[in-house]
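Notes follow the structure.
Read-outs throughout are calculated quantities, based only on the coordinates presented, and are distinct from any laboratory measurement. Computed from a predicted structure; not experimentally measured. Don't worry about glycine lacking a Cβ; one is built from the backbone with ideal geometry, like all the others, and counts go over all protein chains shown.
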C-alpha cells in the first residue's frame, strides 16, 4: 500500500430537522390543541484513532464527507428521527488542523480516541412547545439548526520512541532490520527508503520500544531538497534521535564529518525543538575496516565534528544528560545489542522521571486546593 502522510478533506455535518406545526384533529374533540413534534438532530462527523490503519491513503481520493440531515417533525406528537453519525478511521499519530483558522482540532495519540470534527445541527421545536395559557393554538415552530462545515488538513506523524537520522545509504534500514522484525527495502544506492518504516524492538517479554526509519537527509532538506524534509516531521514525536554515520562511503571524496554537520544544521533550520532533542552518534559499517583503520577513522571523524563529550557515568544511575557514541556494524549485528539495551535503559529512566514529575505536580496541586478551602472556626464549639 502506498504511504500517504498528508491529505485535505472537507467535513459537513447534517442539518437538524424542522419542527412541525400540527393540531389534533379528532371526532368529538373540537379543540384538540397543538401536536407538532420536534425535528431530529443532524448527523455529526467524528474522527477515531485506529491502530489497524497505517496511512491516510483513502482520504486522498474521497475529499468530502457529508452526514445526513435529521428528519422533520410530524403530527400526533411524533418526533423526527435523528441522523446517523459518520466515523472516520485514522491512524494513531494523526494531527488534524482547520485550514481556515489554522487551529489544531485534534491530535490522535492513542487507539480508540474519538474527536468530533463537525457537530450536527439540533432539531427544530414543534408547536407543542409554544402552547401557553394565553395562546392555546400556537402556529409557530422553529427550523432545524445548520450543521458545521470544516475544511481540514490531516497530517500523520508516526509515533515512535527512537528516530533514525542520517544521509542516504548510511545503513539506517539495515540497522532497523538487525534489531527488529521490520523488513524495509535495502539496496546499495541512495534513497532506497522512500517512506517511513516502523520496527518494534523487543528486549524481553515486558520491555519493547518503537524505532522509526525515515528517508535519508541531504544538505538543503529543510528548504525542500531530496525527500527528507517531508519526513522530518515524523521525528518530532520521538524521544531520542540516533544519528547514523557511514564511515566507509562509496565515494572516497565524500567527507562523513562534513555530511554529519550538514544534517545537524538542517535539523536546526527545520525546527529548533527537534534540534534540541537528545541525539546519540552511531558509527556504522565498521565491518568493512580492520581494527586499526576503524580506530583511526573514528578519531579523525570525532575531532572533525568537535565531539568532546566525556564518557557517560552510569555507576549510580543511568546518565541521561551526556550524549553517547556507539561503533557498530548493522550488517553483522556487531554492537547492536549494546545499543538496544542502552536505548531501553534511557527510555525506562525517562518514563520514571516523567512519572515522578507528574506525581509531584499532582501533590502540589492538592496542597494548593486544600489551602484555598475555608477553615472551620472551632471557637464556636467551646463552652463560654
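Order by neighbour count: 48, 321, 258, fewest other Cβ atoms within 10 Å first, most last.
If I rank by nearby Cβ atoms, fewest first, I get 321, 258, 48.
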- Item | Gain in span if fully extended, residue 10 to residue 355, counting 0.36 nm per residue against the direct Cα distance | 120.3 nm
- Item | Model label zone, residue 25; criterion: amide N under 19 Å from point 7 Å along Cα-to-beta-carbon; scope the stretch 117-161 | 127-128, 137-141
- Rg [Å, one decimal], Dmax [Å, integer] - the stretch 1-156, C-alpha atoms: 20.9, 71
- Message: Given a Förster distance of 25 Å, report the FRET efficiency between residue 254 and residue 303 from their Cβ-Cβ distance, rounded to the nearest 0.05.
- Response: 0.90
- Item | Calculated FRET value between residue 288 and residue 48, using beta carbons and R₀ = 35 Å, to 0.05 | 0.15
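Just to be sure I understand: of the beta bridges DSSP finds with both ends in the stretch 1-156, what percent are antiparallel, rounded to 5?
Details: 22 of 31 bridges.
Approximately 70 percent, going by the DSSP bridge assignments.
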- Going from the fewest other Cβ atoms within 10 Å to the most, one would list 238, 177 as 177, 238
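In what sequence, highest mean first, do 340-346, 107-113 appear when ranked by Cβ atoms within 10 angstrom? Write down the numbers at each step before the final one.
Details: 340-346: 18.3, 107-113: 14.3.
The densest-packed peptide leads the list: 340-346, 107-113.
What whole-number value in cubic angstrom gives the convex hull volume per residue for the C-alpha atoms of the stretch 1-70? Provide the component values of the computation, followed by the final result.
Numbers: hull volume 8.5 nm³, N = 70.
Normalising the Cα hull of the stretch 1-70 by residue number yields 122 Å³.
Restricting things to Cα coordinates, could you compute the convex hull volume per residue of the stretch 70-164 in Å³? Please list the in-between numbers first.
Details: hull volume 13.8 nm³, N = 95.
Per residue, the Cα convex hull of the stretch 70-164 comes to 146 Å³.
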- Taking R0 as 56 Å, what's the FRET efficiency between residue 204 and residue 84 from their Cβ-Cβ distance, rounded to 0.05? 0.75
- Task: Determine, for 167, 288, the number of other Cβ atoms within 10 Å of each Cβ, and report the residues in order from fewest to most.
- Result: 288, 167
